[in-house]
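Step one of this worksheet: look at the structure below.
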Amino acid sequence: MQQKEESNMNRRISVAIDGPAGAGKSSISKVVAKKLGYLYIDTGAMYRGITWALLNAGISIDDEDAVEAALSKIQLELRVEETGLSVWVNGTDVSQDIRTQYVTSHVSQVAAQKAVRTKLVEMQRHMASVGGVILDGRDIGSVVLPNAELKVYLTASVETRGYRRWLELKDSENISLEEVCRTVAERDAMDMNRKESPLVCVDDAVVVETDHLSIEETVQTLIDLIRKAELGGHHG
């Protein structure tokens with residue numbers, strides 16, 4: 001009996017974290033993964049990498065055939081480094097470039113395309129197959145890892161999410177809080193209403209609302225949920 005408990009305690013699970021833009025998925029997942037020794041896979045950065053590559057190559061993202069044809073020429077790579085996860089496209093580190101408002105305003109349109117999702121979902125499943133991983137995105141629990149041992153839906157109001165995103169951008173980009181909130185609301189609408197893998201809170205996800213939680217409190221909430229799931233505890 002004791003032996004079984006020990007093996008359960010060491011069980012490394014797959015964690016799916018979904019939620020709308022600006023809910024804090026990436027920053028929270030990164031910290032949780034580091035504390036638990038898990039691998040963090042930022043799926044949003046993967047879609048941003050593809051978006052940057054298409055825009056940089058002058059491909060019209062409205063032209064789905066052109067986008068699909070261009071995908072075979074885009075070599076996307078995530079590297080785990082001391083400073084965190086870096087994103088490389090065709091041998092170039094684009095980790096900073098993919099965070100600009102220009103890429104942000106186009107990423108939902110690119111991510112809605114079937115060819116893009118098919119390519120990246122396959123990559124994500126392959127990366128997650130080792131266990132001990134945290135993936136965050138829009139369709140992790142519903143499409144990418146429907147059998148994940150723990151699914152979390154991380155969310156907050158549009159106002160809260162817009163304010164957080166604005167704080168990240170205001171020093172590097174001349175942009176108003178209203179404009180950022182509008183972008184967040186537009187992304188919500190696109191992500192929830194798209195045909196391919198829309199943003200959805202699956203029935204077996206634990207909903208964590210972060211409006212009134214600090215980063216530390218949210219991190220601890222997730223760690224507690226993961227530890228419970230590692231032991232085979234039921235959640236929800």
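Tell me, D211, D191, D62 in order of fewest to most beta-carbon neighbours within 10 Å?
By the 10 Å Cβ count, ascending, the order reads D62, D211, D191.
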For region 178-222 versus region 51-81, the gap between their alpha-carbon centres in whole angstrom: 25
Ascending count of other beta-carbon atoms within 10 Å, so fewest first, for W52, W88, W166: W88, W166, W52
Residue order, fewest to most beta carbons within 10 Å, for T51, T183: T183, T51
Violating pairs (Cα-Cα greater than 32 angstrom) within the set K114/K151; K34/K195; K30/K114: K34/K195
Cβ-defined net charge surrounding L120, 12 Å radius [Lys, Arg +1; Asp, Glu -1]: +2
Rg over Rh [alpha-carbon atoms, Kirkwood Rh] for the chain: 0.97
Candidates per GluC sites (Glu not before Pro) in region 88-184, loop by DSSP, up to 16 other Cβ within 10 Å: E173
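Rule-based calculations on the coordinates, nothing more; no lab input. Remember, predicted model here, so these are calculated numbers, not experimental data. Virtual Cβ from ideal backbone geometry, glycine too; neighbours counted across all protein chains shown.
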